[in-house]
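Take a look at the structure set out below.
Quick note: the coordinates plus some simple rules give every number you see, no bench work behind them. Since the structure is predicted, the reported quantities are computational estimates derived from the model, not experimental observations. Every residue, glycine as well, gets a Cβ built from its backbone with ideal geometry; the counts of neighbours run over all protein chains shown.
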Amino acid sequence: MTLLLKEITIESPNGNTLLGPLNIEALPGEVTTLMGPSGCGKSTLLDLIAGHLSDGFKYSGHIELCGDVLCGLPAHERQVGILFQDDLLFPHLNVWQNLAFAIPNKVRGSAREKLALSTLDSIGLNNLANSFPDQISGGQRARISLSRMLLAKPKLALLDEPYNKLDQELREQFRFWVEEQIRIANIPALMVTHDKADVPSGGLCLTWPWENAYAG
């Protein structure tokens, strides 16, 4: 599973070039980072890859995931998972129900609850199964949010400044945990951030204006 971006250019609604041309090869099990200031097009690029590019924006180039061309596919057919800085858990569902919501439809009935509880056990949060999002900590919500995304079996993970809402100590712990989960899932991940500390050790990082690349 590899993500390939070839000569990607994005134009804003006013006709200015927001980003590009950009070339990226994101490998399975690794987090590739785009680092730059707010407004430089990082999140817009993730929207493009996921199939959510806002009206008025234009793009050119080629996006390929696992050998399949994504350009033109609707968002629900791209098998792309997104982790935002806000956890976006459903407040009216308890923790295991939030996880079960993401499980593919081919898993039915009681097997969905069983898989959700098994996932909680694997991340050491099985005691929170019947808790609601407003009853648990920010770090716990962050781990559950990533686990929910991975339960959907995406072929690619997009990480949109996922550590911003966490304090410094928790941020460091969660960062290492996310990198481990991506390795276990063996899918490519593309992360955008403005903080150099978020770049995984040894991971590829492209810095705005996307002309420089280095290993973290």
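The dipole here belongs to the chain: it is taken about the Cα centre, uses +1 on the Cβ of Lys and Arg and -1 on the Cβ of Asp and Glu, and is about 660 debye. For region 135-216, applying the loop criterion from DSSP together with a ceiling of 12 other beta carbons within 10 Å to the chymotrypsin sites (Phe, Trp or Tyr not before Pro) yields no site. Short-range pairs are left out: with C-alpha atoms under 8 Å and at least six residues apart, the relative contact order of region 92-153 is 51 percent.
Here the Debye sum runs over all C-alpha atoms of the chain as equal scatterers in vacuum, and log10 of I(q)/I(0) at q = 0.08 Å⁻¹ comes out as -0.28. If you wrap the tightest convex hull around every Cα atom of region 1-107 and split its volume per residue, you get 147 Å³. For the chain, the relative contact order comes to 31 percent (Cα pairs under 8 Å, sequence separation of at least 6). For the chain, the residue among G41, S147, W208 whose Cα projects farthest onto the positive side of the dipole built from Cβ charges is S147.
Counting only residues at least eight positions apart within a chain, or on another chain, the lysines with an alpha carbon under 20 Å from that of K106 are K114, K153, K155. Helix-only arithmetic for the chain: the sum of -39500 (n - 2.57) across DSSP H runs with n ≥ 4, divided by the residue total, places the mean residue ellipticity at 222 nm at -9000 deg cm²/dmol. P(r) for region 92-153, from all Cα pairs and a bin width of 10 Å, is 25, 61, 14, 0 %, short bins first.
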